[in-house]
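Have a look at the structure below, then the notes.
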Amino acid sequence: MQRISVLLFAAALAAPACSTGDGSGGGDDSTTCGNGVCDTGETEASCPADCTQAGDQWDQQLNSRVVDYNAALKIASLRLTGALPSMADINAVAQAPTDDAKKTAYANLINQYIATPAFTAQMMGYWRDTMKQGGSAILDTAPAFAAQLTLADGDYRQLFTAGSGNCPTWDGMTTFTSAECANGGPKAGVLTDPGVMQQFYSNFAFRRTRWVQETFACTAFPAQISATPTSAPGTNLPYTGMFPFDSIAGTDNGGRVNFHDTSAVVCANCHSNLNHIAPLFANYDMMGVYQTTISVTTPLTNTPLAVLTDYLPTGEGTAWRAGVPTPDLVSFGAALAKDPDVAACGVARVWNWALGKTDIVDTLQQVPVATIQTQVDAFVASGYKIKTLIAAVYTSDDFVKF
């Protein structure tokens, strides 16, 4: 139920209705300029006494929402347990004698839903969808690790930093069994998961890199855009990357693929970040097993294996972001754990799930930053506790208002 979007759409439909502000027509005949309310059809221009302080029409629509615990309970129960609330649950809220009592009864039910065995399956579904993983034992280990962490109200940052127990199994009911990932190499939460490495195998390991960026930073590449773009060398085309243009490889500085190409677009705008990350994931082979050398192919003739100088010129190091060097996957995971954009993405994805929105990156549907900021601040203050975040989202004013 995309309630905020529906309200904004409704406001857009209402916008053409205009009024002279004197109640004489041209819109809502019931408007009365000067009554202190920005009525339908009134605008700041037509009725400044009423509308100047009331905000724009989007704010007015949002402010017109009212608390409806009954509707919120149905949605929350479906999300958190997979089933509609019982009549006893509905009555517990509906028959509470005061607004405060209703709020308390509703919050208690949210906590009860989160404590039910059914919540386990819902979390597996949530993380499978979020990670675009699942369907076999090896492809379930990353979602299972995230779901296990959620149920323990663990630290979200462990998704990127956990050094052991990263490949648990799930019995399909309520039990997770901890297990080590058997693909060798470093251990950094789900970032080194064999199922992830296998499913997202590709030339240059770029699909693995995109998976990390889109899943945990909630944006597609380019990952960073400079506030002061420069011109790509020899062109008038804007180079927007934060790394120096020549910090990635091209056929002019030792690479076999021209990531400096500007004939159609400025390739470096995306690859300035891509090429600094992808080598970290390049040692995993097609089966997701870590090797001691780069084990992903290139799209060149006969698909030879990539080498480091295909990504970066000699002497250039890997990095999560410009100014954030990450020489290995363990330091890379630590960098994600410290990035405020990664924390905000985790909160945004829970909000999208709660409000029935589709994937943030695939369809560009995202709850406004102002809406989630309270939960982002609380999430960080709590020590990045995932289950606590979920309870906070489902009991927030923006969830229970319609």
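Here are a few things to note about the model shown:
- From M197, M242, residue being open to solvent by less than 10 Å² (accessible area, probe 1.4 Å) and in contact (Cβ under 8 Å) with a residue 40 or more places away in the chain: M197
- Within segment 148-178, if we keep just the residues that are touching a strand residue (DSSP E or B) at 6+ places or on another chain (Cβ under 7 Å) and without any contact (Cβ under 8 Å) to a residue 40 or more places away in the chain, the residue that is surrounded by the fewest Cβ atoms within 10 Å (Cβ to Cβ) turns out to be T177.
- Taken together, H271, H260 contain a single residue that is assigned to a helix (DSSP H, G or I) and either open to solvent by less than 20 Å² (accessible area, probe 1.4 Å) or in contact (Cβ under 8 Å) with a residue 12 or more places away in the chain (or both), which is H271.
- Any hit, segment 9-28, residues being modelled with pLDDT under 65 and within 20 Å of A354 (Cα to Cα): yes
- Residue list for segment 237-251, filter: in a helix (DSSP H, G or I) and in contact with a Phe, Trp or Tyr (Cβ under 8 Å, 6 or more places away or on another chain): F245
- Among residues of segment 123-141 that are farther than 18 Å from L151 by Cβ and aliphatic (A, V, I, L, M), those with a Cβ under 8 angstrom from a residue that is open to solvent by less than 60 Å² (accessible area, probe 1.4 Å) and in a loop (DSSP other than H, G, I, E, B), sequence gap 6+ or separate chain, pair up as I138/G288; L139/Q133.
- For D56, the test of being exposed (fewer than 15 other Cβ atoms within 10 Å of the Cβ) and modelled with pLDDT of 65 or more is failed.
- Hits in segment 77-94 - residues which are open to solvent by less than 50 Å² (accessible area, probe 1.4 Å), among the aliphatic types (A, V, I, L, M) and closer than 30 Å to D193 by Cβ: L80
- Some residue of segment 314-326 being surrounded by 17 or more Cβ atoms within 10 Å (Cβ to Cβ), more than 24 Å from C267 (Cα to Cα), acidic (D, E) and more than 13 Å from the chain's Cα centre (by Cα): no
- Index of the failed condition, R65 passing every other in (1) open to solvent by 30 Å² or more (accessible area, probe 1.4 Å); (2) outside any helix (DSSP H, G or I); (3) at pLDDT 95 or above: (3)
- Assessment of segment 117-133 against the conditions (of a type in the set (D, E, K, R) and open to solvent by less than 50 Å² (accessible area, probe 1.4 Å)) yields no matching residue.
- Residue match in segment 130-139 (condition: among the charged types (D, E, K, R) and in a helix (DSSP H, G or I)): no
- P97, sole failed condition from (1) assigned to a helix (DSSP H, G or I); (2) over 30 Å from Y201 (Cβ atoms); (3) open to solvent by 10 Å² or more (accessible area, probe 1.4 Å): (1)
Yes/no per residue for (1) farther than 20 Å from F160 by Cα; (2) open to solvent by less than 40 Å² (accessible area, probe 1.4 Å); (3) touching a residue at least 12 places away in the same chain (Cβ under 8 Å):
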position	(1), (2), (3)
L280	no, yes, yes
N283	no, yes, yes
T292	yes, no, no
L300	yes, no, yes
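- Checked against the criteria, N183 counts as more than 24 Å from the chain's Cα centre (by Cα), under 25 Å from T292 (Cβ atoms) and of a type outside the set (F, W, Y).
- Residue in segment 35-53 that is farther than 27 Å from G356 by Cα, modelled with pLDDT of 75 or more and surrounded by 13 or more Cβ atoms within 10 Å (Cβ to Cβ) present: yes
- So L364, is it among the hydrophobic types (A, V, I, L, M, F, W, C) and open to solvent by 10 Å² or more (accessible area, probe 1.4 Å): yes
The values are calculated or read from the model by the stated rules, or taken from the named source; none is laboratory data. Fair warning: this is a prediction, and the values are worked out from it, not measured in the lab. Note that each Cβ is placed from the backbone with ideal geometry, even for glycine, and that neighbours are counted across all protein chains shown. Note: accessible area is taken over every heavy atom of the protein model, side chains too, but ligands, DNA and RNA are not part of it. Shrake-Rupley method; radii C 1.70, N 1.55, O 1.52, S 1.80 Å.
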